[in-house]
Amino acid sequence: MARILLAVLALLLGPLAAVAQQRTVTVTFDDLPYQASDGELCDPEVAMTLTRDFVAMLRPLNTRGVAFVNEGKGCEARRADLLPPILAVWLDAGLELGNHTFSHPSLNAFPVTVWLAEVDQGAEITRPLLAARGQTLRWFRHPYLHTGETMEKKRAAAEGLALRGYTVAPVTLNNDDWMFAALYRSAEADGDTALKTRIGEAYVDYMAQVLDHWEPYSAELTGGREPAQILLLHANTLNRDWYPRIHALFLSRGYRFIPLEETLRDPVYALSDAYIRNNGVSWLHRWTAGQGRPIRWEPEPPQWIRQAYAALGQGNLSR
């Protein structure tokens with residue numbers, strides 16, 4: 001009888017397992033060298049320790065991810081000395097690097113010519129570092145996911161990026177990890193281990209809710225097939241300590257981790273993006289709006305996280 005029940009369960013669950021195993025994701029980390037204070041990033045030992053610890057966490061997980069660099073963030077006075085060895089740690093671990101502009105400006109807030117100059121300045125260290133390894137700087141990620149608040153600006157910026165040889169790295173699995181990260185850094189500074197644990201557990205629970213939203217929502221664009229996904233996270237102490245739990249969450253839901261180049265071969269990334277509102281959103285929302293269907297927004301972090309973040313007196317500066 002037990003064998004019969006197991007056989008029936010295998011028949012019932014087999015198709016579901018097959019569907020789950022078709023899930024793929026590319027993991028990306030924004031805001032290199034690190035979301036940390038200028039003081040930390042100007043201290044060679046501290047900055048390198050933060051980097052090595054983060055990459056050491058990632059190395060056994062084989063995320064095949066891409067990390068996006070803001071060359072102007074961090075230590076202004078010693079950037080040319082400190083940034084190359086930090087970025088080399090990422091490259092030595094087999095991770096790819098992309099351009100996230102020099103100082104993280106919103107395209108929606110500047111003329112295209114000024115913004116493209118930021119793009120160029122953001123490649124001055126990364127491009128030759130990659131060239132020395134026989135690699136090219138090919139990926140680009142928009143700060144705040146702002147791609148232009150008018151169609152004219154959007155097209156001009158896209159043309160400028162293409163002329164420079166960049167391929168834009170979209171985001172499908174958008175989330176508010178930056179909000180949890182700001183609170184985590186504050187608790188870390190206060191030495192509040194219990195609060196750090198509470199924030200981390202809430203972060204993992206929230207990411208499960210985010211996937212509960214994005215998975216079926218994305219399938220609506222492709223006739224029931226979940227497309228290859230791109231996850232946006234940030235390089236910070238929250239993800240240094242808690243990304244392994246996020247990684248395990250994806251594994252439990254049947255995801256394989258694949259390179260960005262492979263992900264972008266999914267036909268969904270050929271859909272047009274005519275989204276020009278003055279905010280940064282997932283490409284799933286952009287494509288949904290382009291098909292004339294209403295956007296259904298993703299879950300927000302728990303209320304206590306949002307209230308605590310507001311109490312820090314920070315704007316949305318970490319995306």
Would you pick out the residues in the stretch 261-318 that are part of a helix (DSSP H, G or I), in contact with a Ser or Thr (Cβ under 8 Å, 6 or more places away or on another chain) and among the aliphatic types (A, V, I, L, M)? Val268, Leu284
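Thr126: surrounded by fewer than 21 Cβ atoms within 10 Å (Cβ to Cβ) and hydroxyl-bearing (Ser, Thr, Tyr), yes or no? Talk me through it step by step, then tell me what you get.
Values: surrounded by fewer than 21 Cβ atoms within 10 Å (Cβ to Cβ): no; hydroxyl-bearing (Ser, Thr, Tyr): yes.
No, not satisfied.
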From the residues in the stretch 238-275 that are over 17 Å from the mean Cα position of the chain (by Cα) and crowded, with 16+ Cβ neighbours inside 10 Å, which one is farthest from Ala157 (Cα to Cα)? Gly254
Could you figure out which of (1) farther than 26 Å from His247 by Cα; (2) touching a residue at least 24 places away in the same chain (Cβ under 8 Å) isn't true of Glu45? (2)
So which residues in the stretch 62-83 are crowded, with 22+ Cβ neighbours inside 10 Å and over 20 Å from Cys42 (Cβ atoms), if there are any at all? Thr63, Gly65, Val66, Ala67, Phe68
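Name the residue that is surrounded by the fewest Cβ atoms within 10 Å (Cβ to Cβ), counting only residues in the stretch 173-229 that are of a type in the set (A, V, I, L, M), touching a residue at least 24 places away in the same chain (Cβ under 8 Å) and under 18 Å from Gln35 (Cα atoms).
Per the stated criteria, the residue is Ala182.
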Of all residues in the stretch 46-61 being under 27 Å from Thr24 (Cα atoms) and of a type outside the set (D, E, K, R), which is surrounded by the fewest Cβ atoms within 10 Å (Cβ to Cβ)? Pro60
Number of positions in the stretch 49-98 that are within 26 Å of Asp120 (Cα to Cα), assigned to a helix (DSSP H, G or I) and without any contact (Cβ under 8 Å) to a residue 40 or more places away in the chain: 4
Between Glu124, Glu159, which is modelled with pLDDT of 95 or more, more than 14 Å from the chain's Cα centre (by Cα) and part of a helix (DSSP H, G or I)? Glu159
Hits in the stretch 85-124 (condition: over 17 Å from Gly160 (Cβ atoms) and in contact with a strand residue (DSSP E or B) (Cβ under 8 Å, 6 or more places away or on another chain)): Ile86, Leu87, Trp90, Leu91, Leu95, Glu96, Leu97, His104
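The values are calculated or read from the model by the stated rules, or taken from the named source; none is laboratory data. Predicted, not measured: the structure shown is a model, and the values here were computed from it. FYI the Cβ positions are ideal-geometry reconstructions off the backbone, even for glycines, and counts take in every protein chain you see.
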